[in-house]
1. Considering each of E90, E122, E116 in turn, give the residue that is modelled with pLDDT under 85 and farther than 21 Å from Q76 by Cα.
2. Being in contact with a helix residue (DSSP H, G or I) (Cβ under 7 Å, 6 or more places away or on another chain) and of a type outside the set (A, V, I, L, M) is the filter here; which residues of region 45-83 pass it?
3. Filter region 93-108 for residues that are loosely packed, with under 10 Cβ neighbours inside 10 Å and either among the polar types (S, T, N, Q) or more than 18 Å from A124 (Cβ to Cβ) (or both); which is modelled with the highest pLDDT?
Amino acid sequence: MNVVAEWRPDVHTFSGKADAQLVAEEIMSINDSPTPEQIYEKAKGKDTELHKCLEWDDKKAADNYRIQQCGAIVRQLIIRKVDEPEQPKEPIRFFYRSGIQGGYTPTVKIVQNVDEYQALLEQAKRELRIFKAKYDCLNELREILDLID
């Protein structure tokens, strides 16, 4: 199968480290449906393009993994206000902001700031376009996907 691969323009993790085309070819050479474990095994080969995509310093890799775990903790939390009994107990979700602060901010605060709200809206639109591209081949979702610009 002839394919052309490139790194997503909104994510710069690997763009300077490894050639996207070679990485895609190496992944596809494993089998028709490689698992992350199989990709990892392939990446262990120092002569592979995949090797360039992983952190091989165990201390740095452990720290990066723990940072990812901390992000998962925040994304999985649901925090509710309980001091206002007449208010519905709506969850306050946290969203990752990749802007200047790059931290987690409660959405109730984001919607109060015009610039932060606009950035969140743009992020949501990008994620919807990514979702659409990912599932565009599913005819059952056509009505929903057609609503996404």
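The values are calculated or read from the model by the stated rules, or taken from the named source; none is laboratory data. No experiment lies behind these values; they were computed from the predicted model shown. Here the Cβ positions follow ideal geometry from the backbone for every residue, glycine too, while neighbour counts run over all protein chains shown.
1. E116
2. G45, T48, E49, H51, C53, E55
3. Among those residues, the one meeting the criterion is Q101.
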